[in-house]
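The values are calculated or read from the model by the stated rules, or taken from the named source; none is laboratory data. Note that the coordinates shown come from a computational prediction; the quantities given were computed from them, not determined experimentally. Here the Cβ is made from the backbone with ideal geometry for all residues, glycine too, and neighbour counts use every protein chain on show.
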Amino acid sequence: MKFLTLLLFVCGLSQLARAGGVDDPKVVDPAIMPPEWSAEMIKAWELLPIRDGGRVKPLYTFAYYELLRTRSMASLRVKFTKPDPVTGKMYRSYEPMAWVLDCFFNPEAAKQYYCFTLDDGEALRRVGLEPHPLKRDQYSYNELVVARDKLAQMQDDVDRKKELAKANHTDPSYDYLDEMIANLARNVGAFEALIQAGAPLRRVLPIVNSLPDGPLSDQKGKSITTSAALTSVKTNPLWGQIMTRYEGDPNQALMDIVGVLRESKAWQTAGPRAFGEMDKFGPAIEAYLTESAETLKTQPNLASIFNVAPFLMLDMRASGPRVSVVPPLGAGDTNWHSFGELSNIILSKASSDTQQTAAMKWLQQAEAALAMPSSAEREKSLIKFADDLRGASEGLPTVATISTELDFRKWDFLYKAKWLFLLIFVFVAVTWMAPQAKWAAVLFTVCKWAMWLPMLAIVAAIAYRVKIGFGAPVTNLYETIPVITFVAAGLAVLAELIFRTRLALGVGAMAGCLGMFLTGGFEASEATDTIHSLEAVLRTGVWLWTHVMCEAIAYGAGMIGGFFSLVYIFARLFDIERKNAAFFKMLTSCVYGILAFTLVFILIGTVLGGIWGNQSWGRFWGWDPKENGALVITLWCLAVLHMRQAGWIKEIGLHIMSMITIATIIFSWWHVNELDVGLHAYGRTEGRMPWIIGGYCAVGLVALLGAAISWFANRSKNSGTPAVALASKDVSAMPLQSI
Amino acid sequence: MSEISPSTSAKQAPSGVLGLLHRLWRLASSVSLCVVLLLWLTVLTLLGTFSQTEIGLYDSQAKYFDSIFFREELWGIPLYLPGAYLVLAILFVNLLLGGLIRLRKKPKNIGVFLSHCSILLLIVAGWRSFHAKKEGHMALLPNEQSDLVQAYQDWQLEIREQGSSEALVIRDTNFSDCSGGKSRTFFRNALPFTVKVSDYARNCEIVEEGHPDLPASAKRLDRFAVLPGKSLPTNEANIAGLVVEIRDANTNDLLTEAVVGAVQRGPGQPERPPLVVKVKDKTYAIELTRERWRVPFQVKLDKFNLEKYEGTEKAKSYQSDITKTDASGEEKLRIQMNEPMRRAGYVFFQASFGKVAETAPYYTVFAVVNNPSDQWPTYACVLSGVGLCLHFLIKLAGFLSRTSRNRAVTSAPPTV
């Protein structure tokens, strides 16, 4: 054990030395940094409702998962080459909301932040980029954009191969580096969407000098805002004819107009080659209008549309629906809109005058805010803009839980529960060192009461989620983890109340801590909102409260039973409490009771699931992998309890079987999700097999250890050597002792 | 868990045939047998789950769960192992004898008794459902009416005289082995011709004779042939095909020979014209379809309602407003997720929906089930819930009272 600790310590030191021994390339000049956003600004924007993933949520939630997915953690530290002249610090810390606001309103700075985490820099060589010296490191958008086309191509390749492998039931023909690049490309795409989301508000469109006399010609050599460009297009006499031809679809019309531009020699020479080269739009348009001056001289209306079309098309298409923060625009509109979609509404024939006026109002207000001369005024106007947007959505049923959700996110109950559990475990472990000491008794009593804090934190998290989400505690795989953890920790507390040995509380705290680490790890690896929009078939509170809860309770019980067995096997292995038969008997009774408890809930839960299936689509049992997983646990629990009754297993045998129960739970809880077959598609996961196999190996190893202990114990008993006290000796009358 | 009363002690055990029967009785009702069966069922469930990734649910179910024995190879040696059907049958006997008859009839065993009863009921429900359940689906476009239900899995060859509402049906179990040169001839007294089936493929493509993948041995008829494909793990996606040879029942003269591809009926989709045979002024249509059957009432889709999550294509909820018509009159009903329609022994469940083209209206799909043991699992669940909870509480109460007694006798201060 000591050797292992030493090894880990040396490895950690060497990694640190490696990190410290190279120049960190991830620094930016503080001069490029925009002013820090004030707390008022952050508060106003994080409460802003956004429609995302089929529901309306606070912008904070959206920002949190965007940063989590990109950076692999929900915070960012931008390091400077020299101290920041304002704060004097060598870095600036970013919370998710501040980062997203920079993406919206200070994109050039955001492009320089090192926010793209790559687990293995070697992957970058596949797109022709040189990785940083550290294997796992962060990269900026500006570093990656050079290989934007190759990234997109790799992403397409991987997606295609994945589809092909799925269709042919074969293994995909790409490796983990390819997949890493594909994920990076997705993150880069999502970042670009964030950058683009604010583009219509901050954009200034250059009016080229070669524009013939006509609309917009009075602005030659100047720049106009998106709203001004939209007004010019809308009032352009030619636009009406174009709309008639395109049946009122401005998107398609602008695409075709830009298509003409893109095919021109001028555009191909001077036009942008990659996303983000919007500064080349102006020169390319200028070149095109010069090249076609003769033709367009008599068509000034068309020329003015050519001048602004590429920008407006980009707003409509690239801004997409991802950042839909503009609430429905009055009567007849039920959709939420992104800023780019406002252009579409303003130009579309399908939208009403009220909608067009409202869309123009939002656009102009935001443009005016961003045009403010000082950063303080700019921020003040943006706060008002956010407040107005929020005010416009008030009264809508979908925004009723926005502030509740923000509270829930800010409290981060599960994160707090994790550290509380760990703290309690450490303190309980300390009391094991001096079981007879008075201070230990006092400390343990404090721990016993303190255990309610993380438990209540989990309850609070579940309660908030029930209120925000569909109305049931478990609606997806993520939500099973806190519920199962709560059950496991709760049963350990109950065991402590019954047996009073200080052990159960420690085991419960450890299980709680592990469960909370798993919660955080799962959330970080998925990096998507954990409050999902439910499949239609799952939208039934009755079954979610009964069947799913029964299953989760059974999983929690089975896991904690396995943890107690783990303690038993290790206690036997390291000869702890060798003379305290009551200690071992206590653990056996505890595990036996928990297995019986597991059986009650898994059997009822499984049958209830069948009844739900029968109620929903007339199929009580379909041998679906998820159903089979629950059946395996049920059969295993039944087999173990009957094995004990038949005398096949005694004390240590029960603990070995209890360890294997953990394996059956891993199978049902996680493994079947990886099989990619069956009806429970909503629970599917990818790429977790190494962890699952690791879990099986760990459980199998402990079970084997248990078997070995049993074998040696039997051998020593048979050879006449006094063995460790086993179940064969009646110890029921012996008093319980402190451990 | 529970106690089994000893039937006779070892010393009293009779000898001879009676002794053998006695030992058999003890074995059949033993807890050890129960453990073996439960462990084997666990293994079967694991095998049946993992095999689904390779051979799909339908074949896995048939191999491991619906079978009496199944064949498995271990290092090339064929093994015939008991399937779930046989194991459950033995478990039923074991549970009946050991879990009910031999169980000590004491108040403390009431929970175990009830739980065993519930498991027996579940096994019976499963057996009844396995043998008597009929299931299929009905897809309807708005204002479309039907009483015809189509099965998900099994094929049948239908021979229908023109104008008749009845058809002669040959199930695929009768011709599924007719491939690789094998054929089978079907005849019937009232039918003026015989039907010889060959070249059956569970999943195939009907291709033109010049197709590059077509083996030389494939029968080419009227420019077409059956090109067998690999069976898909999702059995519903397999499209069967075969070759039929029609001969005059009296003279044995060849009337026609043709490739018959399966007809997958979807709402609004054009049906492939069946093979038409004219014999003695009568016209017959021959087609290969999924098994079909009728319900004793008509169902008309009045309106399909679909609600999607904002800004997504994901369905939030969907319901079908229907009119059910039979001799007793009309009934307006709504079928939606978790709220099926139960009428005349048939249950209509809202299963899915779809579109045949982007601009077409949505059609609704009902899963239709006729299961005589429909509600039995619910009764079993109640019974097992009561039984297990009772047993658990009895055990817990006993344990707690023992623990408190132990604590009372100890002189040491309570451990914290």
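Scanning region A:244-259 for residues that are free of Cβ contacts under 8 Å to residues at least 12 places away in the same chain and over 17 Å from residue A:349 (Cβ atoms) turns up just one, A:259. Would you please list the contacts, defined by Cβ atoms under 9 Å and residues six or more apart or on different chains, that run from a residue in region B:304-317 that is more than 7 Å from chain A (Cβ to nearest Cβ) to a residue that is not in a strand (DSSP E or B)? Every condition considered, the pairs that remain are B:304/B:141; B:304/B:142; B:304/B:361; B:304/B:362; B:306/B:362; B:307/A:536; B:308/A:54; B:308/B:314. State whether one or more residues within region A:620-632 are within 27 Å of residue B:396 (Cβ to Cβ), in contact with a Gly (Cβ under 9 Å, 6 or more places away or on another chain) and crowded, with 24+ Cβ neighbours inside 10 Å. Yes, region A:620-632 contains at least one residue that is within 27 Å of residue B:396 (Cβ to Cβ), in contact with a Gly (Cβ under 9 Å, 6 or more places away or on another chain) and crowded, with 24+ Cβ neighbours inside 10 Å. Contact annotation: residue pairs with Cβ atoms under 9 Å, 6 or more positions apart or on different chains, pairing a residue in region A:419-441 that is of a type in the set (Ser, Thr, Tyr) with a partner that is surrounded by 14 or more Cβ atoms within 10 Å (Cβ to Cβ) and not in a helix (DSSP H, G or I), are A:431/A:502; A:431/B:416. Scanning region B:285-298 for residues that are within 18 Å of residue B:261 (Cβ to Cβ) and not hydrophobic (A, V, I, L, M, F, W, C) turns up B:287, B:289, B:290, B:291, B:292.
Residues of region B:102-154 that are within 11 Å of chain A (Cβ to nearest Cβ), farther than 16 Å from residue B:382 by Cα and among the small types (Gly, Ala, Ser): B:126, B:129, B:136.
Within region A:166-178, the set of residues being touching a helix residue (DSSP H, G or I) at 6+ places or on another chain (Cβ under 8 Å) and in contact (Cβ under 8 Å) with a residue 24 or more places away in the chain comprises A:177, A:178. Is there any pair linking a residue in region A:389-401 that is closer than 17 Å to residue A:359 by Cβ to one that is β-branched (Val, Ile, Thr), with Cβ under 7 Å and at least six apart or on different chains, and which? Pairs that qualify, where the first residue is closer than 17 Å to residue A:359 by Cβ and the partner is β-branched (Val, Ile, Thr), are A:389/A:325; A:389/A:326; A:393/A:399.
Just one of the listed residues (A:524, A:504) is in contact with a Cys (Cβ under 9 Å, 6 or more places away or on another chain), modelled with pLDDT of 90 or more and not acidic (Asp, Glu), namely A:504.
Within region A:527-553, being over 26 Å from residue A:488 (Cα atoms) and small (Gly, Ala, Ser) holds for A:533, A:536.
Check region A:152-161 and report whether any residue there is in a helix (DSSP H, G or I) and touching a residue at least 40 places away in the same chain (Cβ under 8 Å). Write out each step before concluding.
Just the residues of region A:152-161 that are in a helix (DSSP H, G or I), to begin with: A:152-161.
Applying the additional criterion that residues be touching a residue at least 40 places away in the same chain (Cβ under 8 Å) yields none.
Looking for residues that are in a helix (DSSP H, G or I) and touching a residue at least 40 places away in the same chain (Cβ under 8 Å), one finds none in region A:152-161, hence no.
For residue A:431, state whether it is among the hydroxyl-bearing types (Ser, Thr, Tyr) and crowded, with 22+ Cβ neighbours inside 10 Å. Answer is yes for this residue.
Just one of the numbered conditions (1) under 18 Å from the mean Cα position of the chain (by Cα); (2) assigned to a helix (DSSP H, G or I) is not true of residue B:138: (2). Residue count for region A:204-223 satisfying the condition of being surrounded by 20 or more Cβ atoms within 10 Å (Cβ to Cβ) and out of contact with any Lys or Arg (no Cβ under 9 Å at 6 or more places or on another chain): 3. Residue A:542 meets each of the listed conditions (1) buried (at least 20 other Cβ atoms within 10 Å of the Cβ); (2) at the interface with chain B (Cβ under 10 Å from one of its Cβ atoms); (3) out of contact with any strand residue (DSSP E or B) (no Cβ under 8 Å at 6 or more places or on another chain); (4) not in a loop (DSSP other than H, G, I, E, B) apart from (1). Assess whether residue A:570 counts as being away from chain B (no Cβ under 14 Å), surrounded by fewer than 21 Cβ atoms within 10 Å (Cβ to Cβ), more than 22 Å from the chain's Cα centre (by Cα) and not aliphatic (A, V, I, L, M). The answer is yes for residue A:570. None of A:392, A:417, A:461, A:457 is of a type outside the set (Ser, Thr, Tyr), in a helix (DSSP H, G or I) and surrounded by fewer than 21 Cβ atoms within 10 Å (Cβ to Cβ) except A:392.
Considering only residues in region B:371-385 that are facing another protein chain (nearest Cβ under 8 Å) and either surrounded by 19 or more Cβ atoms within 10 Å (Cβ to Cβ) or among the aromatic types (Phe, Trp, Tyr) (or both), the one that is nearest to residue B:131 (Cα to Cα) turns out to be B:371.
Within region A:364-375, is even one residue part of a helix (DSSP H, G or I), of a type in the set (D, E, K, R), under 17 Å from residue A:101 (Cβ atoms) and within 33 Å of the chain's Cα centre (by Cα)? Yes: one or more hits.
There is at least one residue in region B:291-303 that is touching a residue at least 60 places away in the same chain (Cβ under 8 Å), within 14 Å of chain A (Cβ to nearest Cβ) and either surrounded by 14 or more Cβ atoms within 10 Å (Cβ to Cβ) or not aliphatic (A, V, I, L, M) (or both).
Taken across region B:179-202, residues that are assigned to a strand (DSSP E or B), at pLDDT 90 or above, out of contact with any Phe, Trp or Tyr (no Cβ under 8 Å at 6 or more places or on another chain) and exposed (fewer than 14 other Cβ atoms within 10 Å of the Cβ) do occur, with at least one present.
Filtering A:593, A:562, A:605 for residues that are within 13 Å of another protein chain (Cβ to nearest Cβ), in a helix (DSSP H, G or I) and out of contact with any Phe, Trp or Tyr (no Cβ under 9 Å at 6 or more places or on another chain) leaves a single hit, A:605. On the stretch given as region A:174-230, residues that are at pLDDT 90 or above, of a type in the set (Asp, Glu) and more than 25 Å from residue A:131 (Cβ to Cβ) total 0. Looking for something in a helix (DSSP H, G or I), surrounded by fewer than 20 Cβ atoms within 10 Å (Cβ to Cβ) and either modelled with pLDDT of 95 or more or more than 14 Å from chain B (Cβ to nearest Cβ) (or both) - is there at least one such residue anywhere in region A:100-113? Yes; the residues of region A:100-113 include at least one that is in a helix (DSSP H, G or I), surrounded by fewer than 20 Cβ atoms within 10 Å (Cβ to Cβ) and either modelled with pLDDT of 95 or more or more than 14 Å from chain B (Cβ to nearest Cβ) (or both). Mind listing whichever residues of region B:32-57 are more than 7 Å from chain A (Cβ to nearest Cβ), more than 15 Å from residue B:70 (Cα to Cα) and among the aliphatic types (A, V, I, L, M)? Passing the criteria: B:33, B:36, B:37. Name the single residue, out of those in region A:634-687 being more than 8 Å from every other protein chain (Cβ to nearest Cβ) and acidic (Asp, Glu), that is surrounded by the fewest Cβ atoms within 10 Å (Cβ to Cβ). Filtering first and then ranking leaves A:686. For region B:373-395, the tally of residues that are at pLDDT 90 or above and closer than 30 Å to residue B:304 by Cβ stands at 0.
Filtering A:544, A:566 for residues that are within 29 Å of residue A:65 (Cβ to Cβ), touching a residue at least 12 places away in the same chain (Cβ under 8 Å) and out of contact with any Cys (no Cβ under 7 Å at 6 or more places or on another chain) leaves a single hit, A:544.
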